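Have a look at the structure below, then the notes.
The values are calculated or read from the model by the stated rules, or taken from the named source; none is laboratory data. The model shown is predicted, which means the values in this text are computed figures rather than measured ones. Please note: Cβ atoms are built from the backbone with ideal geometry, for glycine as well, and neighbour counts cover all protein chains shown.
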Amino acid sequence: MMGKLFSSLSCLLTPYKPHPYHVQWFLTGKCNYRCRTCQIWSQPQTRELTVEEVKRGIDILHAMGVVDLVFTGGNPLLRGDIAEILKYAHPKFPLVTIYDNGSLASKKLDILRHADRVCISLHSLNPALQNAIAGVPNAFREAMQSILLLKKKGLGVVVAVTVAGNNIHEVPALIEYFGEREIPVILALYSDLSSEDSLVKIGTPDPCSQFHDGESLRKFFQSLRELKRRYPVHLDFKTLEALEAFFSEGRRNWQCQALSSFFMVNELGWVSGCHVMPPVCRLGELPSLWGSEKFAELRENCKLCEKCLYLCYVAYSHIRRARNLAEYLWDYKRYMWERFLLTLSSEKG
Ligand code: SF4
Ligand code: SF4
């Protein structure tokens, strides 16, 4: 607890400018699922960083003042040393998140106590659709089991939903279903953006996942505003506003802050602004390059880039100083505080 408090304060004192707030670390390329919108599972296996190399990387991110560290993959729970990695990282960052496709979390509860959030991917309440999206027969059953068990055991479980053409109509019902059970939902948006030089191959062309019109997306983001008032949805109002403007007026009210507010690391320790972009350096080189002219130039290129609408990248593109971060975190916890105040007032009444 003290470690967390100390890390929260110390990350605000980072000497690194701009302040990197958010990092996604693709710890492994291994995956036991076969999602139709992902190429990671079909890539030839490469070496992964050893646990000691990962720890050295964690120290670098800690020294840079990273606030929100996400371990993803592949499935990071397939790493035999994931317990050691999580235990090492947890006290060093205010927010440590790990992703699972639902297949392993229920079997690794003790390990997952060292994460602040465990995001379990589930895209539909229709078992046949969920299994088809994940490319394995029991995906729905396993994800539901993991989500409900983690909630029952008091872990910080979050349902991670990728909104796509084939499920957009049922995402509001999914938010309600989990919201009624006090389980938050975090959203991503399907895009087909993989290219030869992308650092991580997510986003495979899939006709079933394609959106057919911007209108359904505009209506969807409008409906989220109301849903967010009633249920815990991890999508902040600034991002929501940006998406509403984008889908109704076709304009971006933000500049991408890749390699400023956020970046990513792959399983071999290569760093890139986002998973669509090619690598720019090794993690070990990052502290000395962060303030360099080369990085200043790369940042300017990212600011001009309009390739993607990945929601966490849009959200962190709005976070450029500590005040923005405080607003974002307040928004993130707003639902919880509002419920708390409501309970207090109904008890008094
Ligand atoms: S999207 Fe995630 S769970 Fe699905 S195959 Fe890719 S890495 Fe595995
Ligand atoms: S807009 Fe930003 S996050 Fe998206 S592809 Fe371009 S550089 Fe990457």
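Looking across region 232-243, the residues that are in contact (Cβ under 8 Å) with a residue 24 or more places away in the chain and buried (at least 20 other Cβ atoms within 10 Å of the Cβ) come down to 232, 233, 234, 235, 236, 239, 242, 243.
Can you tell me which residue in region 305-323 is nearest to ligand 2 (Cβ to nearest atom), limited to those that are touching a residue at least 24 places away in the same chain (Cβ under 8 Å) and in a helix (DSSP H, G or I)?
Residues of region 305-323 that are touching a residue at least 24 places away in the same chain (Cβ under 8 Å), as a first pass: 305-322.
Imposing the further condition that a residue be in a helix (DSSP H, G or I) reduces the set to 311-317, 322.
On the way: 311: 11, 312: 9, 313: 4, 314: 8, 315: 11, 316: 9, 317: 7, 322: 22 Å.
Checking each candidate, the answer is 313.
Scan region 50-88 residue by residue and report those that are β-branched (Val, Ile, Thr) and within 16 Å of ligand 1 (Cβ to nearest atom). So that I can check it myself, show each step before the final result.
Within region 50-88, the subset β-branched (Val, Ile, Thr) is 50-51, 54, 58, 60, 66-67, 70, 72, 82, 85.
Within region 50-88, 70, 72, 82 qualify.
Only one of 262, 295, 237, 247 is more than 26 Å from residue 47 (Cβ to Cβ), away from ligand 1 (no atom under 16 Å from the Cβ), of a type in the set (Phe, Trp, Tyr) and modelled with pLDDT of 95 or more; which?
Numbers: 262 fails: more than 26 Å from residue 47 (Cβ to Cβ); 237 fails: modelled with pLDDT of 95 or more; 247 fails: modelled with pLDDT of 95 or more.
Just one listed residue meets the conditions, 295.
Being surrounded by fewer than 17 Cβ atoms within 10 Å (Cβ to Cβ) and closer than 18 Å to residue 188 by Cβ is the requirement here; does residue 135 meet it? Show your work before the answer.
Working: surrounded by fewer than 17 Cβ atoms within 10 Å (Cβ to Cβ): yes; closer than 18 Å to residue 188 by Cβ: yes.
Taking the combined requirement at face value, the residue satisfies it.
Filter region 9-42 down to the residues that are of a type in the set (Phe, Trp, Tyr) and within 9 Å of ligand 1 (Cβ to nearest atom), then identify the one that is nearest to residue 275 (Cα to Cα). Step through it out loud before you land on a result.
Step one: filter region 9-42 for residues of a type in the set (Phe, Trp, Tyr), giving 16, 21, 25-26, 33, 41.
Filter again for within 9 Å of ligand 1 (Cβ to nearest atom), leaving 26, 33, 41.
Details: 26: 9, 33: 20, 41: 15 Å.
Filtering first and then ranking leaves 26.
Of the residues making up region 56-83, just one is within 13 Å of residue 97 (Cα to Cα) and among the acidic types (Asp, Glu), namely 68.
Which of the helices (runs of 4 or more DSSP H) found entirely inside region 1-94 contain at least 2 residues meeting this: touching a helix residue (DSSP H, G or I) at 6+ places or on another chain (Cβ under 9 Å), in contact (Cβ under 8 Å) with a residue 60 or more places away in the chain and of a type outside the set (S, T, N, Q)? Steps first, please.
On the way: elements: 2-10, 51-63, 82-89.
Result: 2-10, 51-63.
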